[in-house]
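Each remark here refers to the structure printed beneath this line.
The values are calculated or read from the model by the stated rules, or taken from the named source; none is laboratory data. Remember, it's a predicted structure, so these values are computed and weren't measured experimentally. Here the Cβ is made from the backbone with ideal geometry for all residues, glycine too, and neighbour counts use every protein chain on show. Surface accessibility is based on the protein's heavy atoms, side chains included, excluding ligands, DNA and RNA. Shrake-Rupley method; radii C 1.70, N 1.55, O 1.52, S 1.80 Å.
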Amino acid sequence: MVDVVDTSHAPPDTDVESKFRTRPPSRRSRVEKIALWSFRTLLLVPFVLMGPEIISYLLGQPGAATDVAESTADVFGTCSLLLMALMLAVTPVHTMTGWVWHLPLRRDYDVCMFITAAVDLILAALTTGEEFGGVLGRVGGRSFLMLGTLAVLLLIPLAVTSTRRAHRWLGSYWKKLHRLVYVIWAIVLLHLLLLFGFSGIFVQAVVVSAPLVLLRLPPVRRWWVEARRTHQHRIVRAAIALGLVATFVAGIRPVIAELSFKGRAAFIQQPID
Ligand code: HEM
(Lines give C-alpha, C1' and ligand atoms only; values in the text may rest on other atoms or scores of the structure.)
Protein backbone atom coordinates (compact mmCIF):
# COMPACT_ATOMS: atom_id res chain seq x y z
CA MET A 1 0.00 0.00 0.00
CA VAL A 2 1.21 3.51 -0.70
CA ASP A 3 2.75 5.82 1.86
CA VAL A 4 -0.11 8.17 2.59
CA VAL A 5 -1.04 10.71 5.19
CA ASP A 6 -3.99 8.67 6.27
CA THR A 7 -6.33 10.58 8.52
CA SER A 8 -9.59 9.45 6.94
CA HIS A 9 -12.45 9.42 9.42
CA ALA A 10 -10.05 10.27 12.20
CA PRO A 11 -11.61 11.94 15.22
CA PRO A 12 -10.90 15.62 15.89
CA ASP A 13 -7.33 16.83 16.07
CA THR A 14 -7.02 16.51 19.82
CA ASP A 15 -4.43 13.80 19.48
CA VAL A 16 -1.20 14.21 17.61
CA GLU A 17 -1.40 10.53 16.68
CA SER A 18 -4.24 11.36 14.29
CA LYS A 19 -1.57 13.14 12.22
CA PHE A 20 0.81 10.20 11.82
CA ARG A 21 2.02 8.84 8.56
CA THR A 22 1.21 5.22 7.82
CA ARG A 23 4.40 3.27 7.70
CA PRO A 24 5.80 2.63 4.21
CA PRO A 25 5.32 -1.01 3.11
CA SER A 26 9.07 -1.67 3.32
CA ARG A 27 8.99 -0.90 7.07
CA ARG A 28 6.16 -3.29 7.93
CA SER A 29 7.14 -6.60 9.45
CA ARG A 30 6.34 -9.81 7.59
CA VAL A 31 3.56 -10.63 10.06
CA GLU A 32 2.04 -7.17 9.59
CA LYS A 33 2.14 -7.54 5.81
CA ILE A 34 0.46 -10.96 5.98
CA ALA A 35 -2.22 -9.61 8.35
CA LEU A 36 -2.84 -6.60 6.12
CA TRP A 37 -3.23 -8.72 3.00
CA SER A 38 -5.45 -11.23 4.83
CA PHE A 39 -7.82 -8.41 5.78
CA ARG A 40 -7.70 -7.12 2.21
CA THR A 41 -8.65 -10.57 0.89
CA LEU A 42 -11.99 -10.22 2.71
CA LEU A 43 -12.88 -7.56 0.13
CA LEU A 44 -13.38 -10.31 -2.46
CA VAL A 45 -16.10 -12.07 -0.43
CA PRO A 46 -19.22 -10.29 -1.83
CA PHE A 47 -18.06 -10.74 -5.43
CA VAL A 48 -17.19 -14.41 -4.96
CA LEU A 49 -20.57 -15.12 -3.32
CA MET A 50 -22.57 -13.25 -5.96
CA GLY A 51 -20.30 -14.21 -8.91
CA PRO A 52 -22.30 -17.24 -10.19
CA GLU A 53 -25.65 -15.40 -10.09
CA ILE A 54 -24.24 -12.28 -11.77
CA ILE A 55 -22.54 -14.32 -14.51
CA SER A 56 -25.80 -16.21 -15.16
CA TYR A 57 -27.63 -12.87 -15.30
CA LEU A 58 -25.11 -11.39 -17.75
CA LEU A 59 -25.41 -14.52 -19.90
CA GLY A 60 -29.19 -13.99 -19.96
CA GLN A 61 -30.06 -17.34 -18.38
CA PRO A 62 -33.76 -17.81 -17.47
CA GLY A 63 -34.63 -16.91 -13.86
CA ALA A 64 -31.22 -15.32 -13.26
CA ALA A 65 -32.64 -11.78 -12.79
CA THR A 66 -35.03 -13.05 -10.10
CA ASP A 67 -32.18 -14.87 -8.35
CA VAL A 68 -30.04 -11.71 -8.36
CA ALA A 69 -32.96 -9.59 -7.12
CA GLU A 70 -33.46 -12.01 -4.21
CA SER A 71 -29.78 -12.15 -3.25
CA THR A 72 -28.39 -8.68 -3.91
CA ALA A 73 -29.60 -6.87 -0.76
CA ASP A 74 -28.82 -9.91 1.39
CA VAL A 75 -25.27 -10.32 0.13
CA PHE A 76 -24.15 -6.88 -1.07
CA GLY A 77 -26.20 -5.02 1.58
CA THR A 78 -24.85 -7.18 4.41
CA CYS A 79 -21.30 -6.96 3.03
CA SER A 80 -21.59 -3.14 2.79
CA LEU A 81 -22.64 -3.07 6.44
CA LEU A 82 -19.75 -5.33 7.47
CA LEU A 83 -17.26 -3.25 5.48
CA MET A 84 -18.59 -0.10 7.12
CA ALA A 85 -18.19 -1.65 10.59
CA LEU A 86 -14.62 -2.79 9.80
CA MET A 87 -13.71 0.58 8.28
CA LEU A 88 -15.04 2.38 11.35
CA ALA A 89 -13.15 -0.01 13.63
CA VAL A 90 -9.74 0.99 12.23
CA THR A 91 -9.38 4.22 14.24
CA PRO A 92 -10.63 2.76 17.56
CA VAL A 93 -8.17 -0.14 17.17
CA HIS A 94 -5.40 2.43 16.70
CA THR A 95 -6.62 4.34 19.78
CA MET A 96 -6.58 1.20 21.91
CA THR A 97 -3.36 -0.40 20.69
CA GLY A 98 -1.31 2.31 18.99
CA TRP A 99 -0.91 -0.01 15.95
CA VAL A 100 -0.39 1.65 12.59
CA TRP A 101 0.11 -1.34 10.27
CA HIS A 102 -3.64 -1.67 9.71
CA LEU A 103 -4.38 1.98 8.87
CA PRO A 104 -4.41 1.52 5.07
CA LEU A 105 -7.47 -0.71 5.58
CA ARG A 106 -9.51 2.39 6.36
CA ARG A 107 -9.21 3.59 2.79
CA ASP A 108 -9.44 0.09 1.26
CA TYR A 109 -12.67 -0.72 3.14
CA ASP A 110 -14.08 2.74 2.39
CA VAL A 111 -13.59 2.34 -1.39
CA CYS A 112 -14.76 -1.27 -1.36
CA MET A 113 -17.86 -0.38 0.67
CA PHE A 114 -18.69 2.15 -2.04
CA ILE A 115 -18.18 -0.41 -4.84
CA THR A 116 -20.23 -3.08 -3.02
CA ALA A 117 -23.08 -0.68 -2.18
CA ALA A 118 -23.05 0.80 -5.72
CA VAL A 119 -23.29 -2.68 -7.26
CA ASP A 120 -26.19 -3.38 -4.85
CA LEU A 121 -27.91 -0.22 -6.09
CA ILE A 122 -27.33 -1.02 -9.78
CA LEU A 123 -28.53 -4.61 -9.43
CA ALA A 124 -31.59 -3.47 -7.43
CA ALA A 125 -32.42 -0.96 -10.20
CA LEU A 126 -32.02 -3.59 -12.93
CA THR A 127 -33.50 -6.71 -11.40
CA THR A 128 -36.10 -5.93 -8.69
CA GLY A 129 -39.60 -7.02 -9.69
CA GLU A 130 -42.47 -4.69 -10.46
CA GLU A 131 -43.64 -4.28 -6.84
CA PHE A 132 -41.90 -0.87 -6.56
CA GLY A 133 -42.65 0.31 -10.13
CA GLY A 134 -39.96 1.19 -12.69
CA VAL A 135 -36.26 1.84 -12.20
CA LEU A 136 -36.83 4.98 -10.09
CA GLY A 137 -39.35 3.18 -7.91
CA ARG A 138 -36.88 0.33 -7.34
CA VAL A 139 -34.25 2.68 -5.93
CA GLY A 140 -36.47 5.29 -4.28
CA GLY A 141 -40.06 4.04 -4.20
CA ARG A 142 -40.01 3.53 -0.41
CA SER A 143 -38.31 5.52 2.36
CA PHE A 144 -35.90 2.66 3.15
CA LEU A 145 -34.94 2.40 -0.54
CA MET A 146 -34.40 6.16 -0.73
CA LEU A 147 -32.12 6.00 2.32
CA GLY A 148 -30.11 3.09 0.85
CA THR A 149 -29.68 5.04 -2.39
CA LEU A 150 -28.74 8.23 -0.52
CA ALA A 151 -26.05 6.33 1.42
CA VAL A 152 -24.56 5.11 -1.88
CA LEU A 153 -24.65 8.62 -3.40
CA LEU A 154 -22.93 10.10 -0.34
CA LEU A 155 -20.21 7.47 -0.59
CA ILE A 156 -19.25 8.78 -4.07
CA PRO A 157 -17.35 11.93 -2.91
CA LEU A 158 -15.55 9.86 -0.27
CA ALA A 159 -14.44 7.22 -2.77
CA VAL A 160 -13.47 9.81 -5.41
CA THR A 161 -11.35 11.81 -2.92
CA SER A 162 -9.71 8.80 -1.28
CA THR A 163 -6.47 9.24 -3.24
CA ARG A 164 -3.34 10.92 -1.95
CA ARG A 165 -3.56 13.53 -4.71
CA ALA A 166 -7.16 14.48 -3.74
CA HIS A 167 -6.10 14.64 -0.11
CA ARG A 168 -3.33 17.13 -0.95
CA TRP A 169 -5.56 19.13 -3.27
CA LEU A 170 -8.40 19.48 -0.74
CA GLY A 171 -6.13 20.31 2.19
CA SER A 172 -8.10 20.93 5.39
CA TYR A 173 -11.44 20.49 3.54
CA TRP A 174 -10.59 16.85 3.00
CA LYS A 175 -11.10 15.94 6.62
CA LYS A 176 -14.33 17.92 6.84
CA LEU A 177 -15.62 16.19 3.72
CA HIS A 178 -14.71 12.77 5.09
CA ARG A 179 -16.80 13.40 8.20
CA LEU A 180 -19.66 12.55 5.83
CA VAL A 181 -18.98 8.97 6.86
CA TYR A 182 -20.80 9.67 10.11
CA VAL A 183 -23.87 10.89 8.20
CA ILE A 184 -23.73 7.74 6.06
CA TRP A 185 -23.45 5.64 9.21
CA ALA A 186 -26.65 7.24 10.59
CA ILE A 187 -28.47 6.84 7.25
CA VAL A 188 -27.58 3.13 7.09
CA LEU A 189 -28.91 2.61 10.62
CA LEU A 190 -32.12 4.37 9.62
CA HIS A 191 -32.34 2.17 6.47
CA LEU A 192 -32.16 -0.89 8.72
CA LEU A 193 -34.57 0.55 11.31
CA LEU A 194 -37.22 1.10 8.61
CA LEU A 195 -36.64 -2.39 7.23
CA PHE A 196 -36.48 -4.42 10.43
CA GLY A 197 -37.81 -2.20 13.24
CA PHE A 198 -36.18 -2.55 16.68
CA SER A 199 -35.08 -6.11 16.02
CA GLY A 200 -32.70 -8.33 14.07
CA ILE A 201 -30.00 -6.73 12.00
CA PHE A 202 -30.87 -3.19 13.15
CA VAL A 203 -30.19 -4.10 16.79
CA GLN A 204 -27.03 -5.97 15.76
CA ALA A 205 -25.82 -2.89 13.84
CA VAL A 206 -26.46 -0.69 16.89
CA VAL A 207 -24.56 -3.13 19.15
CA VAL A 208 -21.62 -3.11 16.69
CA SER A 209 -21.72 0.71 16.57
CA ALA A 210 -21.75 1.24 20.36
CA PRO A 211 -18.04 0.56 21.07
CA LEU A 212 -17.04 2.40 17.90
CA VAL A 213 -18.93 5.50 19.02
CA LEU A 214 -17.63 5.28 22.60
CA LEU A 215 -13.99 5.17 21.52
CA ARG A 216 -14.55 8.21 19.28
CA LEU A 217 -15.78 10.42 22.10
CA PRO A 218 -12.99 12.97 22.54
CA PRO A 219 -12.63 12.62 26.37
CA VAL A 220 -12.53 8.80 26.15
CA ARG A 221 -10.06 8.89 23.29
CA ARG A 222 -7.82 11.47 24.99
CA TRP A 223 -7.84 9.49 28.27
CA TRP A 224 -7.02 6.23 26.50
CA VAL A 225 -4.17 7.62 24.37
CA GLU A 226 -2.64 9.40 27.35
CA ALA A 227 -2.91 6.28 29.56
CA ARG A 228 -1.37 4.15 26.80
CA ARG A 229 1.52 6.56 26.29
CA THR A 230 2.25 6.80 30.01
CA HIS A 231 1.63 3.07 30.62
CA GLN A 232 -1.04 3.81 33.24
CA HIS A 233 -4.31 2.04 34.13
CA ARG A 234 -3.27 -1.14 32.32
CA ILE A 235 -5.75 -3.44 34.08
CA VAL A 236 -8.65 -1.00 33.70
CA ARG A 237 -7.82 -0.53 30.01
CA ALA A 238 -7.54 -4.27 29.45
CA ALA A 239 -10.91 -4.87 31.13
CA ILE A 240 -12.63 -2.12 29.13
CA ALA A 241 -10.99 -3.29 25.90
CA LEU A 242 -12.25 -6.81 26.57
CA GLY A 243 -15.79 -5.52 27.12
CA LEU A 244 -15.70 -3.39 23.96
CA VAL A 245 -14.32 -6.16 21.79
CA ALA A 246 -16.88 -8.62 23.23
CA THR A 247 -19.70 -6.16 22.43
CA PHE A 248 -18.43 -5.64 18.88
CA VAL A 249 -18.12 -9.40 18.33
CA ALA A 250 -21.57 -10.04 19.84
CA GLY A 251 -23.07 -7.62 17.32
CA ILE A 252 -21.12 -8.69 14.26
CA ARG A 253 -21.29 -12.48 14.76
CA PRO A 254 -24.98 -12.91 13.82
CA VAL A 255 -24.49 -10.62 10.81
CA ILE A 256 -21.62 -12.81 9.57
CA ALA A 257 -23.67 -15.95 10.27
CA GLU A 258 -26.57 -14.53 8.22
CA LEU A 259 -24.18 -13.63 5.40
CA SER A 260 -22.64 -17.09 5.31
CA PHE A 261 -26.12 -18.67 5.24
CA LYS A 262 -27.59 -16.41 2.54
CA GLY A 263 -24.28 -16.03 0.70
CA ARG A 264 -23.91 -19.79 0.37
CA ALA A 265 -27.44 -19.99 -1.01
CA ALA A 266 -26.61 -17.24 -3.53
CA PHE A 267 -23.36 -18.97 -4.51
CA ILE A 268 -25.13 -22.24 -5.36
CA GLN A 269 -27.83 -20.18 -7.11
CA GLN A 270 -30.63 -21.23 -4.79
CA PRO A 271 -31.33 -17.84 -3.18
CA ILE A 272 -33.43 -17.60 -0.05
CA ASP A 273 -36.56 -15.53 -0.61
C1 HEM B 1 -24.48 1.67 2.02
C2 HEM B 1 -25.54 1.15 1.51
C3 HEM B 1 -26.36 0.03 2.07
C4 HEM B 1 -26.18 -0.76 3.18
C5 HEM B 1 -25.03 -0.74 4.18
C6 HEM B 1 -27.28 -1.68 3.24
C7 HEM B 1 -27.44 -2.65 4.20
C8 HEM B 1 -28.47 -3.56 4.21
C9 HEM B 1 -28.56 -4.70 5.08
C10 HEM B 1 -27.50 -5.09 6.10
C11 HEM B 1 -29.70 -5.34 4.83
C12 HEM B 1 -30.23 -6.64 5.50
C13 HEM B 1 -29.95 -7.83 4.63
C14 HEM B 1 -30.53 -9.12 5.18
O15 HEM B 1 -31.71 -9.20 5.45
O16 HEM B 1 -29.74 -10.07 5.31
C17 HEM B 1 -30.38 -4.61 3.79
C18 HEM B 1 -31.60 -4.95 3.28
C19 HEM B 1 -32.16 -4.36 2.18
N20 HEM B 1 -31.63 -3.33 1.46
FE21 HEM B 1 -29.94 -2.29 1.89
N22 HEM B 1 -28.14 -1.42 2.20
C23 HEM B 1 -27.60 -0.41 1.45
C24 HEM B 1 -28.11 0.13 0.29
C25 HEM B 1 -29.26 -0.30 -0.32
C26 HEM B 1 -29.76 0.15 -1.60
C27 HEM B 1 -29.05 1.15 -2.48
C28 HEM B 1 -30.93 -0.50 -1.85
C29 HEM B 1 -31.85 -0.42 -3.03
C30 HEM B 1 -32.07 0.64 -3.70
C31 HEM B 1 -31.18 -1.36 -0.71
C32 HEM B 1 -32.28 -2.17 -0.58
C33 HEM B 1 -32.48 -3.10 0.41
C34 HEM B 1 -33.61 -4.00 0.49
C35 HEM B 1 -34.78 -4.07 -0.49
C36 HEM B 1 -33.42 -4.79 1.60
C37 HEM B 1 -34.34 -5.90 2.15
C38 HEM B 1 -33.89 -7.24 1.66
C39 HEM B 1 -34.73 -8.38 2.22
O40 HEM B 1 -35.10 -8.33 3.38
O41 HEM B 1 -34.90 -9.32 1.48
N42 HEM B 1 -30.15 -1.22 0.19
N43 HEM B 1 -29.60 -3.52 3.43
Which order do the peptides 188-199, 117-128 come out in when sorted by mean C-beta neighbours inside 10 angstrom, highest first? 117-128, 188-199
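Taking every pair of alpha-carbon atoms in region 52-131, give the share separated by more than 18 Å as a whole percent. Could the numbers behind the result be given before it?
Working: 1615 of 3160 pairs.
Roughly 51 percent, once rounded to a whole number.
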Candidate residues Lys176, Lys262, Lys33: accessible-area rank, largest first, probe 1.4 Å: Lys176, Lys33, Lys262
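How large is the accessible surface per residue of region 122-255, computed with a 1.4 Å probe and reported in Å² as a whole number?
Details: 7510 Å² over 134 residues.
Per residue, region 122-255 has 56 Å² of solvent-accessible surface.
Where does the charge balance sit around Gln269 when Lys and Arg score +1, Asp and Glu -1, over other residues with C-beta under 9 Å from its C-beta? Spell out each step's value before the answer.
Numbers: positive: none; negative: Glu53, Asp67.
My count for the surroundings of Gln269 gives -2.
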Arrange the peptides 232-240, 247-255, 80-88 so that the one whose residues have, on average, the most other Cβ atoms within 10 Å appears first. 80-88, 247-255, 232-240
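Tell me whether region 25-267 comes out rounded, prolate or oblate; compute the Cα gyration tensor, take square roots of the eigenvalues as a ≥ b ≥ c, and use a/c under 1.5 as the rounded threshold. Show your work: numbers first, answer last.
Details: a/c = 1.79, a/b = 1.72, b/c = 1.04.
In terms of gyration-tensor shape, prolate.
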When the Cα atoms of region 89-181 are enclosed in a convex hull and the volume is divided per residue, what value in Å³ results? 117
What do you get for Rg/Rh of region 127-273 when both radii come from the Cα atoms and Rh is the Kirkwood radius? 1.06
What is region 138-217 by shape, rounded, prolate or oblate, if you read a ≥ b ≥ c off the alpha carbon gyration tensor as root eigenvalues and call it rounded for a/c under 1.5, prolate for a/b larger than b/c, and oblate otherwise? oblate
